[in-house]
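Peer 1: Structure incoming, see below.
Please treat every number below as a calculation from the coordinates, not as lab data. Since this is a predicted model, take the numbers as computed values, not measurements. Here the Cβ is made from the backbone with ideal geometry for all residues, glycine too, and neighbour counts use every protein chain on show.
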Amino acid sequence: MKTLGEIAAFVGGELRGDASVWIARIVHPSAAKGKSDLAFVLSEKAAALLNDGQIANAIVPAGVEHSSSANLILVSRPRLVLAQLTELFERPVHAPPGINHLAEIDPTARLGQNVAIGPFCSIGPNSVVGDNCRLVSNVTIGANVLIGTDTLLHAGVRVGDRCEIGNRVIVQPNVVIGGDGFAFVTREPGSVESVRQTGEVKSFNNEVVRIHSIGNVIVEDDVEIGAGTCIDRGTLGETRIGKGTKLDNLIQVGHNVTIGENCLIVSQVGLGGSSKIGHRSVIGGQSGVPDHVTIGNDAVIHAGSGITGHVPSKTAMIGIPAVPLREFMEREVKMRRLPNLIRELKQQIGTLSDKLNSLFPPQGS
Amino acid sequence: MKTLGEIAAFVGGELRGDASVWIARIVHPSAAKGKSDLAFVLSEKAAALLNDGQIANAIVPAGVEHSSSANLILVSRPRLVLAQLTELFERPVHAPPGINHLAEIDPTARLGQNVAIGPFCSIGPNSVVGDNCRLVSNVTIGANVLIGTDTLLHAGVRVGDRCEIGNRVIVQPNVVIGGDGFAFVTREPGSVESVRQTGEVKSFNNEVVRIHSIGNVIVEDDVEIGAGTCIDRGTLGETRIGKGTKLDNLIQVGHNVTIGENCLIVSQVGLGGSSKIGHRSVIGGQSGVPDHVTIGNDAVIHAGSGITGHVPSKTAMIGIPAVPLREFMEREVKMRRLPNLIRELKQQIGTLSDKLNSLFPPQGS
Amino acid sequence: MKTLGEIAAFVGGELRGDASVWIARIVHPSAAKGKSDLAFVLSEKAAALLNDGQIANAIVPAGVEHSSSANLILVSRPRLVLAQLTELFERPVHAPPGINHLAEIDPTARLGQNVAIGPFCSIGPNSVVGDNCRLVSNVTIGANVLIGTDTLLHAGVRVGDRCEIGNRVIVQPNVVIGGDGFAFVTREPGSVESVRQTGEVKSFNNEVVRIHSIGNVIVEDDVEIGAGTCIDRGTLGETRIGKGTKLDNLIQVGHNVTIGENCLIVSQVGLGGSSKIGHRSVIGGQSGVPDHVTIGNDAVIHAGSGITGHVPSKTAMIGIPAVPLREFMEREVKMRRLPNLIRELKQQIGTLSDKLNSLFPPQGS
């Protein structure tokens, strides 16, 4: 419970109304019920609900019009205020400190101060788990793993041998860090090689030989990894997720991938082996990046894009195959115009033909 | 073991043959071996196998021709009969009643009658698990979770704090219910905002601020959730899966999504944050729905579609970007015709040109 | 530790330099530091690093030019040599032999010699786990499961009742084998059926009836399954993964799918129910194969393809909808030419028109 005054101060907003009101919940305007609900108005559409008189307290973007007599906090960048509010009202996962009696910790593992190790977690030999880390339940930490401080591993997370995870990392449930890479080779040149060279399937994968993954995964500080995401270990070296980068759910990160700092990668993206993603790049959901391809810094890849080659820094890409946004727009316009253009040409030809026919009537007519 | 007569009565089919035959297995016609196998013929192609004389008993769609002398049950909607048969011969998952000695139940949790709690399951404080629920093994139930009656949670399912699951829900292995949403904001307008406004990357995500997820997930009665699917919790409010809806494997359900009743959503679909899916809609595999987009009731989205805007009720959609099926077909036809159209125009121009040249020969010829 | 001479002999390469040098690590040329690092040079680009003088020992493709005085092993098919090297320097997962005191083995289960059953693994009644199998941790084996010898199940793997897994199989973390198929039917013909017949949504899925999955999954010898991949059981019969086939991460394998031998299927592919994949076929990442479709032997499906019908053997396919590679290339060329073609036609019409106008000036001019 916080007062409206405290909240206004915390988010740096302008209070119009009673600063002493106690707030119990932040809610969408359509869910606001009583005197202790604070409605969070993000859009102009939601602001219309303010006019109903059901809302006692609201956070509203400055400049949005309405006729409400509610207690208001006016703010300038509402989505940032939402982040602040959820921090204020954060409800951390249930993970009581201490080591559950049904956890299995190798005697050579070292645990920091104030850790929470839930039931059915195991920690392998020589692994290190830093201060204030929380392993919620059913978490598997292999051998020789290093985990920094204040890191949160939700239920069902798997961290393979020799992987390293930094400080303040959040890993959602059922994430896999350090599965083996998908790396195989045929003894003789195989079908894919023949297609690359000739456009046709002329040789065959009669035997498939495994390339073992003897590398690891390094997850830097302040990274977040979404539920069900899988990050493969490097073949010889490392797969690296840069500081501050956020991965959504069900993402595939192939072996030897390098992701820079502060990237945002949306759910179900696939990053092929040895691909490199620059700093601060954004990749929309379900996009694919092939093996060995480089995406520059500050690229913005639209959802559902099929990248086929290197992407320069500060480029917005879209489509399958993906092209720069401007090119995509121009081509779309061009293609849409084609049927009309052809109709016009047909008319012009008809006009010419009529004129010629009227001047010089075809024989026999 | 059931007799052919019992089976015919159960599925409402017409028996032609010996009602007293004992049936041990329902099999594909190609796998039928002995006197106690009942071949299930779904297609005309499969019906050809009836002529081989290997099949002693068969269920056949009325009207399909064959020369078999097998004991037959004639039915009118075979796929519905398949559902009935699999109910009759259902082989429920091994989940013995009682609480396994290696389960960890918080003393404040409340369990209903006749529950089955398998090994390495944990149930957090104040959570409620209703009568006849089965938690197969390695299932994690957080704090303050509500689960109705007759619900089945397979191995490795994770249910986060404060989530609610209804009655008769089936959750396949390694599903995550209640991971945190993928919600971040930059302090200043970021790269995606600049692309939206200008088509170019003009500002940068130098700092990424986390929006915590303090909401929950509500899974209504009779829902089924496929293996590996991840359902994020709402930011402030709820993410909701409507009564009777069926989700396939490896689906991403973003924060604050609302799915209506009786939907069928096929594997690897991605539903962006705050998207809304109407009742009885069908979404084909690997399709994507962006953030904040609404799909109406009874929509049918073809597999692999890239939805880009609101979809009206009762609309069949297809393609990337997705358009109504009829429009897609027309455009396909139009585009395929273009090269021919242009060839025709070329010929017409040639004819005109020849005529003009023969009437007025170019100078110098 | 191996000597350079031993390594050269093992990979069948030509040694140029000191055979007695001890090698501790295989590294990418950019990571080579000391006298006991062996740099593995796969590409000509990487070979440039040889000229820096930092590399003491290297494996180099025969014929690549450089000025290095390092100890060298010259090889002819470097990627195959990489496979051999990673075998030589393989670092197997930590999985100590024996049965962990926090594992739960049903008394009727049978375990072979020299098995490793880690913490929080459970094995159901009548299941068999063969010699030398390793279950790393938190692995769930249901009832009546058969597992061959030398098979490795990483942390969090779920194997459902009655499934069968062969010898030398490797299953990465959090894989689900034997989830229920996504199989439902409406009592009356539903929306999808009406779209198929009429192109429009004319009937509605008012009730959805479950078809239970009473079949199983069979994983043959030498298969590998990537992290988070989900393989559904057959409805009546089996879902089968053929000998030697390798599946990458987060793949969806629907009920009753049959995959042949030695296939390579890249991450996030979706295989619809009852689809059949021939031997030695390769399917690129994020591709989709619809229900009941057959892919022949030795097909090569490009990443991101949307298969819509049967694919003949030895065919390279690409695109959405997927077409043979050659056809795709021709069509691409044709479509790109269209705008230019139309511009040319316009010019020709203009020329004709000018000529006609100069000969017969329009009235009034």
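Peer 1: How charged is the neighbourhood of A:LEU152? Take every other residue with its Cβ under 11 Å from the Cβ of A:LEU152, and add Lys/Arg as +1 and Asp/Glu as -1.
Peer 2: Numbers: positive: A:ARG134, A:ARG168; negative: A:ASP150, A:GLU224, B:ASP180.
So the surrounding residues net to -1.
Peer 1: So what's the gap between the Cα centers of region B:1-42 and region B:98-145, to the nearest angstrom?
Peer 2: Centre-to-centre (Cα) distance: 40 Å.
Peer 1: Grab the other residues whose beta carbon is less than 12 angstrom from that of B:VAL333, score K and R as +1, D and E as -1, and report the net.
Peer 2: Working: positive: B:ARG326, B:ARG331, B:LYS334, B:ARG336, B:ARG337; negative: B:GLU327, B:GLU330, B:GLU332.
Every neighbour counted, the sum reads +2.
Peer 1: Count charges around B:VAL311 for me, please; just the other residues with Cβ under 15 Å from its Cβ, Lys/Arg as +1, Asp/Glu as -1. If you can, show how the numbers build up before the last one.
Peer 2: Numbers: positive: B:LYS276, B:ARG280, B:LYS314, B:ARG326; negative: B:ASP291, B:ASP298, B:GLU327, C:GLU200.
Around B:VAL311, the charge tally is 0.
Peer 1: Keeping to pairs on different chains or 8 or more places apart, tell me how many lysine pairs in chain C have Cα atoms under 23 Å apart.
Peer 2: Close lysine pairs under the 23 Å cut-off: 11.
Peer 1: In what order do A:ARG168, A:ARG280 fall by count of nearby beta-carbon atoms within 10 Å, going from fewest to most? Each step should come with its number before you reach the end.
Peer 2: Details: A:ARG168 15, A:ARG280 28.
Listing A:ARG168, A:ARG280 from fewest to most nearby Cβ atoms yields A:ARG168, A:ARG280.
Peer 1: Would you tell me the mean number of C-beta atoms belonging to other protein chains that fall within 10 Å of each C-beta in A:295-306, as a whole number?
Peer 2: On the way: counts 0, 0, 2, 9, 2, 10, 0, 3, 9, 13, 2, 8.
For peptide A:295-306, the averaged partner shielding equals 5.
Peer 1: Please identify the helices of chain A, taking whole runs of DSSP H, that span at least 30 Å along their own axis as judged from the Cα atoms and have a mean Kyte-Doolittle score of -1.0 or higher. Don't skip to the end; give the middle numbers.
Peer 2: Details: long enough: A:325-359 (51 Å, -0.67).
Result, helices passing both filters: A:325-359.
Peer 1: Classify region A:14-98 as rounded, prolate or oblate from the Cα gyration tensor: take a ≥ b ≥ c as the square roots of its eigenvalues, call it rounded if a/c is under 1.5, otherwise prolate when a/b beats b/c and oblate if not. Kindly include the intermediate steps, with their values, before the conclusion.
Peer 2: Numbers: a/c = 2.06, a/b = 1.75, b/c = 1.18.
Here region A:14-98 falls in the prolate category.
Peer 1: Taking a ≥ b ≥ c as the square roots of the eigenvalues of the Cα gyration tensor of chain B, is the shape rounded (a/c under 1.5), prolate (a/b larger than b/c) or oblate?
Peer 2: oblate
Peer 1: What would the Debye formula give as log10 I(q)/I(0) at q = 0.12, 0.15, 0.20 Å⁻¹ for the alpha-carbon point model of region B:28-176, no solvent?
Peer 2: Values returned for q = 0.12, 0.15, 0.20 Å⁻¹ are -0.63, -0.72, -1.01.
Peer 1: Here is a follow-up. Within 10 Å of each Cβ in peptide B:262-273, how many partner chain Cβ atoms are there on average? Round it to a whole number, please. Walk me through the numbers before you get to the answer.
Peer 2: Working: counts 8, 2, 8, 1, 8, 12, 12, 3, 12, 2, 5, 3.
Per-residue shielding by partner chains comes out at 6.
Peer 1: Give the percent of DSSP beta bridges with both residues in chain C that are antiparallel, rounded to the nearest 5. Could the numbers behind the result be given before it?
Peer 2: On the way: 10 of 78 bridges.
Close to 15 percent.
Peer 1: Need the C-alpha centroid separation for region B:173-245 versus region A:222-254, integer Å.
Peer 2: Centre-to-centre distance over Cα atoms comes out at 18 Å.
Peer 1: Do the sum for the protein assembly as shown: with -39,500 (n - 2.57) for every DSSP H run of n ≥ 4, divided by all residues, what is the mean residue ellipticity at 222 nm, to the nearest 500 deg cm²/dmol?
Peer 2: Details: 15 runs with 198 residues, N = 1095.
One gets -6000 deg cm²/dmol as the mean residue ellipticity at 222 nm.
Peer 1: According to the square roots a ≥ b ≥ c of the eigenvalues of the Cα gyration tensor, what is the shape class of region C:233-289, taking rounded for a/c under 1.5, prolate for a/b larger than b/c otherwise, and oblate for the remainder?
Peer 2: Details: a/c = 1.91, a/b = 1.26, b/c = 1.51.
It is oblate, given that a/c is not under 1.5 and a/b is not larger than b/c.
Peer 1: Follow-up question, since we're still on this one. Per residue of A:187-193, what is the mean number of Cβ atoms on other protein chains within 10 angstrom of that residue's Cβ?
Peer 2: Details: counts 3, 2, 1, 6, 9, 6, 2.
Going residue by residue through A:187-193 and averaging, the value is 4.
Peer 1: So, one more: Between C:PHE10 and C:ARG25, what length comes free when the chain is fully extended (0.36 nm per residue of separation minus the Cα-Cα distance, one decimal in nm)?
Peer 2: Values: separation 15, 0.36 × 15 = 5.40 nm, distance 1.55 nm.
Roughly 3.8 nm would be gained on extension.
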